[in-house]
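Participant: Starting off with a structure, shown below.
The values are calculated or read from the model by the stated rules, or taken from the named source; none is laboratory data. Bear in mind that the values here come from a model prediction, so they are computed numbers and not experimental data. Here the Cβ positions follow ideal geometry from the backbone for every residue, glycine too, while neighbour counts run over all protein chains shown.
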Amino acid sequence: MPILPPLEVEDSVRIPSGARLYQAPRGDAPSVVLRFAEGESRAAEVAAVEGEWVALWLGLRDDYPFRCYPLLGDARVEVKVWVRLDEVLVVAREIIEVNFDDESFVMLMRGVPVRRSGQRGPEGPLYEVEVDGARLTLALPEERLGRGYFPVPGIEGDEAPAPAPGPRPKVAVGGQVIVGDLEIVPLPPLKHGRMAEARGDCVVMLGWLTGEEGSPPRPKAPANAAFDRGERPEDVRLGEGVPLRWLDDSPAGVTVGEVRAAGGRFGDRLCFDALAGAGETPLVLCAGVADARGE
């Protein structure tokens, strides 16, 4: 792996399934292991970097640019969670275009995860890329890789034409047949074949139609693990500026907008699952009942 530039505050990062998130930068702090569908990850903004530990903003603090990936959490809260640096994925730091001799090409958006394949091509190491359900092996410029990136809106440009009715065709890009959650639009025929545009949220490809029917989209990620909703279930509704604490009563943060969530009563506190897509016991945030009611 190349030498990667250091992470900086306000970078965005990708966190994979299997990563462990902690309430504090200590190995013995309460924690949860993320569980998503195979190959999926979540985006988050870096709040701090302390040696081997990276603090992430758990919630959606402001109208941050669209990332074209699911967020780690989307509640309107200002709460940090921690992850070890070596669990942060290596990604495309910049938009990367890869052109092939057969006139096909791939354009990856910032933040697409990549990993060394163990193979080498004429231009150096090859990387495995999984994006929008499509898998590719590509030669990538290593100076444009890193753990952090600045998010930009999704794929830009003219609106894609409507896909043709009937079975989803397969497309070959650089000699690799692509199957994924992509909108595939055939282009006008050429003398030596027919090309198609394959477009997802985080990638655009131009390839050659193979005449084969594609696979259906992948199943959606599994739902959250539910936590014990306490003495009695109760929907949580919080306004802006409400102090938040973890279930163990340590300070967590504050709401920065209205929060609505399914939760439960724990004594004089209202609590809710703070983390989307987690397995094991979720990280749970709580607010005092009096604070929740604005008393």
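Participant: Just one of Gly111, Gly124, Gly73 is modelled with pLDDT under 95 and over 30 Å from Glu258 (Cα atoms); which is it?
Facilitator: Answer to the selection: Gly124.
Participant: Within segment 129-162, track down each residue that is in a loop (DSSP other than H, G, I, E, B), modelled with pLDDT of 90 or more and touching a Leu at 6+ places or on another chain (Cβ under 9 Å).
Facilitator: Leu140, Arg147, Gly148
Participant: Right, next: When the residues of segment 256-281 are narrowed to those that are assigned to a loop (DSSP other than H, G, I, E, B) and surrounded by 21 or more Cβ atoms within 10 Å (Cβ to Cβ), which ends up modelled with the lowest pLDDT?
Facilitator: Gly277
Participant: Next question, about the same structure. Check segment 6-24 and report whether any residue there is farther than 27 Å from Ala134 by Cβ and of a type in the set (Lys, Arg).
Facilitator: yes
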